[in-house]
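Q: Submitted below is the structure of interest, expressed as structure tokens.
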Amino acid sequence: MASPRTVRPPADRSGTDDASRGARSVVPALAADALLIVLFAALGRRAHASGLDLAGILWTALPFLLAWAATTALTRPRRTWARPWPAGVVVWLGTVAGGLVLRVLLGETAAPSFQLVTAAVLGAFLLGRRGVTALLTRPRRGSRT
């Protein structure tokens, strides 16, 4: 006697499956992270009267953007863009540590007080963004997914 076969609906070709939704969702999240790093650089330059010209802000942000891009790629952002733990912590610490190393290699300073402020501000920005995103994207009670 043959076993009953499970009939599956045809694959969704409309572009609204989970993978494409995840890919679309990650782009604004990554853009927000990058903008928050640039904001961190602008706030630092403003606090130290270093000028707010775009080139200067981007130069200040560059080592942190590079470190962020590298560590973000390692955490598979399509799956982890809204997770503060552990992916968000890895991205935060990688951005801080890698950014500080790159900053020194580019001839800039990294005094201990700067290191602490960097860790605190980027932690608030990068982990805060993920926390807010996680709250906004979690399934609602009683909703069907």
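The values are calculated or read from the model by the stated rules, or taken from the named source; none is laboratory data. Bear in mind that the values here come from a model prediction, so they are computed numbers and not experimental data. Using ideal geometry, Cβ is built from the backbone for each residue, glycine included, and neighbour counts are taken over all protein chains shown.
Q: Check off (1) surrounded by 18 or more Cβ atoms within 10 Å (Cβ to Cβ); (2) without any contact (Cβ under 8 Å) to a residue 40 or more places away in the chain for residue 31 and give me the number that stays unchecked.
A: (1)
Q: Can you say whether residue 91 is under 14 Å from residue 41 (Cβ atoms) and among the aliphatic types (A, V, I, L, M), as far as the supplied structure shows?
A: no
Q: Ok, one more. Just for segment 90-114: of the residues that are buried (at least 18 other Cβ atoms within 10 Å of the Cβ) and β-branched (Val, Ile, Thr), which one is farthest from residue 37 (Cα to Cα)?
A: My answer is 91.
Q: For segment 96-105, indicate whether the set of residues that are touching a residue at least 60 places away in the same chain (Cβ under 8 Å) and either assigned to a helix (DSSP H, G or I) or touching a Cys at 6+ places or on another chain (Cβ under 7 Å) (or both) is non-empty.
A: no
Q: Here is a check on your reading of the model: is residue 29 assigned to a helix (DSSP H, G or I) and either modelled with pLDDT under 95 or out of contact with any strand residue (DSSP E or B) (no Cβ under 7 Å at 6 or more places or on another chain) (or both)?
A: Considered against the rule, which asks whether it is assigned to a helix (DSSP H, G or I) and either modelled with pLDDT under 95 or out of contact with any strand residue (DSSP E or B) (no Cβ under 7 Å at 6 or more places or on another chain) (or both), residue 29 comes out as yes.
Q: With the requirement that a residue be hydroxyl-bearing (Ser, Thr, Tyr) and either closer than 22 Å to residue 100 by Cα or at pLDDT 95 or above (or both), what does segment 70-85 give you?
A: Correct list: 71, 72, 75.
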